[in-house]
Amino acid sequence: MMLNKSARHWKAHTNYFPRMIDFLTKAGSERVTIDMEANRHIQYLRAPNKNHRLFREFFSAILPIKMNEWRQATMLLRAYYIARAPVVFLSVLYIPLVDYELKKNGWSKLLNCIQIFLNPAVTITMGKAMVFTDKSKLWYYSIPHDVKYGLYSLVVTVPIAIAVFFHSNTSAPPPYHWMFTIMNLTGSMFVIFQSVTEITLITGVLGFMLKVPPDFMGATVSCLANSLGDLVANASMALQGYEKMAYAAAIGSPFFTILLGTGSVFAVKILLGLSTSMTDLIGTYGENAFVLLILGLLSTLLWTSVLNFNARRSVGIFSMSIYGLYIIYSILIRAEIIHPYNMDAFLISSHI
């Protein structure tokens with residue numbers, strides 16, 4: 001009896017260890033195919049009229065903190081929910097939600113009708129203030145003057161919102177609900193771009209106050225701040241289950257940025273008749289960044305071959321350690337403890 005009990009106990013543990021190792025080394029999650037039409041019409045037959053529970057649905061959609069999440073959260077997590085509540089509230093009002101994995105695909109009739117005229121008006125007003133304002137002053141001061149451009153859009157968007165309100169139903173999204181993804185895309189890009197721009201300006205001011213050289217700020221803090229938009233987008237895709245797409249974007253986006261950025265600068269300077277060189281463009285830390293970039297790419301090719309394209313958590317830690325190594329090298333170069341890969345100025349002048 002004791003032998004059988006011990007055998008069952010040992011068998012349970014031996015079955016548990018492979019699952020534990022599998023959990024620790026790889027995600028092992030497989031996306032389940034969803035029925036978009038079923039989610040879209042899940043409440044269609046329950047509604048007695050087109051505006052059934054209109055306001056209840058609206059207030060439930062704009063609620064920044066979900067009650068079920070609040071009840072299950074710890075004190076620290078509740079503090080986080082309270083801190084982010086204003087941002088979530090403004091984002092819900094401004095950016096339409098189109099998610100085919102949700103019931104009714106995220107459709108909220110009254111909220112989406114409001115967003116038809118609110119989203120373009122806010123985007124036009126703030127975009128005009130950011131792009132065409134005087135660079136000697138903050139763009140916030142131009143919003144009262146540029147709000148009229150956003151109000152001009154109401155001539156077109158308000159009739160569209162009224163037509164959608166009378167045509168649509170609260171229980172199911174209309175067939176043209178996919179068109180809200182356009183406002184979702186423009187609104188998300190605008191918010192991410194504005195947030196990254198503000199963070200970059202703050203880091204630039206801090207670097208100026210602390211008398212940090214601009215090339216060091218551009219190679220470390222500023223480039224990290226400029227990459228926050230890609231980091232947020234890729235992390236969001238990975239959390240939604242599109243980790244392959246996120247990883248492809250993490251590799252392809254830097255290539256596209258480097259090629260387009262360097263190529264456009266060279267092309268503009270050549271067209272203007274200005275002399276340019278790669279040394280002037282990449283600065284002191286460019287060679288180090290290039291060497292570590294090649295190291296990261298070679299290590300990526302190595303682990304994809306060894307692990308049969310099965311990414312693990314250790315791979316992510318290893319990739320971040322390469323970036324940490326680049327930061328350490330940059331700090332040591334800034335402190336003049338080690339020498340960068342590029343040539344010194346007096347060597348370049350003597351060679352000329």
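Accessible area ranking (1.4 Å probe, heavy atoms, ligands and nucleic acids excluded), largest first, for Y247, Y141, Y81, Y176: Y141, Y247, Y176, Y81. Across the protein chains, with a 1.4 Å probe defining accessible surface, the residues R313, R78, R53, R71 rank R71, R53, R313, R78 from largest area downward.
The apolar share of the surface of the range 195-352, taken as the fraction of accessible area on carbon and sulfur atoms (1.4 Å probe, ligands and nucleic acids excluded), comes to 74 percent.
Residues K50, K211, sorted by accessible area with the largest first, give K211, K50 [1.4 Å probe; ligands and nucleic acids excluded]. Applying 0.36 nm per residue to the separation of S319 and V147 and subtracting their alpha-carbon distance, the gain on full extension is 57.4 nm. Here are some pairs, K137/K269; K211/K269; K66/K109; which of them have Cα atoms lying more than 24 Å apart in this structure? As for pairs spanning more than 24 Å Cα to Cα, those are K137/K269; K211/K269. Label point 7 Å out from L281 along Cα-to-Cβ: which residues of the range 201-241 have amide N under 17 Å? From the range 201-241, the list is 219. The residues of the range 93-220 have, on average, 55 Å² of accessible surface per residue, using a 1.4 Å probe with all protein chains present. Each label was represented as a point 7 Å from its Cα along the Cα-to-Cβ direction; for E243 and L231 these points are 2.0 nm apart.
Here the gap between F290 and L302, fully extended at 0.36 nm per residue and compared with their Cα-Cα distance, gives a gain of 2.5 nm.
The values are calculated or read from the model by the stated rules, or taken from the named source; none is laboratory data. Since the model is a prediction, treat every value here as computed from it, not as a measurement. Using ideal geometry, Cβ is built from the backbone for each residue, glycine included, and neighbour counts are taken over all protein chains shown. These area figures cover heavy atoms from the full protein model, side chains too; ligands, DNA and RNA do not enter into them. Shrake-Rupley method; radii C 1.70, N 1.55, O 1.52, S 1.80 Å.
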